[in-house]
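The values are calculated or read from the model by the stated rules, or taken from the named source; none is laboratory data. Keep in mind it's a predicted model, so treat the numbers as computed, not measured. Here the Cβ positions follow ideal geometry from the backbone for every residue, glycine too, while neighbour counts run over all protein chains shown. Just the protein is used for accessible areas: all its heavy atoms, side chains included, with ligands, DNA and RNA removed. Shrake-Rupley method; radii C 1.70, N 1.55, O 1.52, S 1.80 Å.
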Amino acid sequence: PEAITVGELAKRMGEKGADLVKELFNLDMMVTVNQTIDQDTAELLVEQFGHTIQKVSEADVDIQTTEDDDPVETMVPRPPIVAVMGHVDHGKTSLLDALRKTNVTRGEAGGITQHIGAYQVTTKDGSKVTFLDTPGHAAFTEMRQRGANVTDIVVLVVAADDGIMPQTIEAIKHAKAANVPMIVAINKIDKPEANAQKIRERLLEHEVMVEAMSGDVQDVEISAKNGTGLEELIEKIALQAELLELKARPDRPAEATVVEAQLDKGRGPVATVLINRGTLKRGDTFVVGTESGKVRAIVNDQGKQIKEAGPSMPVEVLGLGGVPSAGELLTVVENEQRAREVAQYRQEKATEKRTALAPTSFDTMFNKSN
Ligand code: GTP
Ligand code: MG
């Protein structure tokens, strides 16, 4: 039997809490709006007020999100999501810049505005790869803690003139813990003091065995500075992606993971999301964490407004009710009422959790007095 607070029941009935308390008083029950009553009493009250009972289970109120409830035949291949990780200054951002530059030459002239730390690159054969820049790994860690593993492949950037450093080791641990395949990009190979072989040997100490050391981790020597090895890196990513057989259903309401979010002075709360499945469209109503919202604009990695975004696409979403946290799931729902309902339900759950953790004032008073 479920219990409910008088206040919550009143809200669901669209009545005043005080009126319910009065009615309960008439039934010889002295309770306040914050106290819980059992299911039978609640049902009795509902009938007293001439309402009908609609039983809503938790599963109905909240949105269940599972990864594999789309029938296989509806799923189509999606681009891999690649997190570029590594120690500070080893060249993560340079690598991404270089990869995007090769992209720019075949199409849009001029510089690409760097809006978000997530970009999509189109390879020679027309396939796409989504890259995530991971400064400080903070977002990645946060996402993992929330159980959101958006990354399909990790590209570990190691500067050949510097070697295995603390954040390199951290990145290896992340990839292993998340069970994500890794490709080692030995960077700055253009430098005279670069020693790629030493890197390969050192990686053994961290149980990363690259192919050249007869292991199965792919490695490639690159120079983000002058473009050496970038094609090969893309090929290795494509090969790895093929093995993973990444698929998602595009023709369904979107589900996306928040990568980062902030309050933008001009635009309000803005979230960078990766579409997990489905297609996000302008005007869609959604829930993200404890907030509901309506997609006012979708902005792609080149700063352009687009009408919709499909699986594995990184986009900025405008029209949120608040700033969500990294790793939270954005789920499109049928209508605004449903969005508000779910958001409210989650807010209540969150409050309940907080209240459960804090001792009630009664407990405190009585325990302290003796
Ligand atoms: P954080 O974001 O601070 O963790 O650094 P990062 O890993 O993004 O490194 P970034 O791309 O900012 O590069 C750091 C420095 O290394 C810059 O001065 C780059 O110009 C230089 N650099 C990056 N790649 C190469 C390369 O292949 N060769 C040489 N010679 N320099 C490089
Ligand atoms: Mg960087």
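Observations on the structure shown:
- Along the stretch 214-231 the Karplus relation, 6.51 cos²θ - 1.76 cosθ + 1.60 evaluated at θ = phi - 60°, assigns HN-Hα couplings of 6, x, 10, 8, 6, 9, 8, 8, 9, 9, 5, 5, 10, x, 4, x, 5, 4 Hz to successive residues, with x for each Gly and Pro.
- About its Cα centre, the stretch 157-220 has a charge dipole of approximately 100 debye under the convention of +1 per Lys or Arg Cβ and -1 per Asp or Glu Cβ, with nothing else charged.
- Computed packing ranks the peptides 193-205, 290-302 as 290-302, 193-205, most packed first, by mean other Cβ atoms within 10 Å.
- Karplus-derived HN-Hα couplings along the stretch 302-311 (A = 6.51, B = -1.76, C = 1.60, θ = phi - 60°), whole Hz, x at Gly and Pro: 10, x, 9, 6, 10, 7, 8, 9, x, x
- Fraction of accessible area attributable to carbon and sulfur, the stretch 140-262 (%, probe 1.4 Å): 45
- For the listed peptides 28-39, 214-225, 171-182, 340-351, a ranking on the average number of other beta carbons within 10 Å per residue, highest first, reads 214-225, 171-182, 340-351, 28-39.
- Subset of LYS176/LYS294; LYS124/LYS265; LYS265/LYS294; LYS92/LYS265; LYS176/LYS307 violating a 30 Å alpha-carbon distance limit: LYS176/LYS294; LYS124/LYS265; LYS176/LYS307
- Virtual spin-label span in nm between LYS11 and GLU193, 7 Å along Cα→Cβ: 6.1
- FRET E, pair LYS349, PHE49, Förster distance 22 Å, beta-carbon r, rounded to 0.05: 0.30
- Extension gain, THR122 to ASN335, is 73.2 nm, computed as 0.36 nm per intervening residue step minus the present C-alpha separation.
- Exposure check, 1.4 Å probe, all protein chains in place: LEU239 carries approximately 90 Å² of accessible surface.
- Using the Cβ-Cβ distance between ASP216 and SER325 with R0 set to 41 Å, the FRET efficiency works out to roughly 0.70.
- Start at zero, step by 5 Å, and the Cα-Cα distances of the stretch 276-349 spread as 3, 17, 27, 26, 17, 6, 2, 0 percent across the bins.
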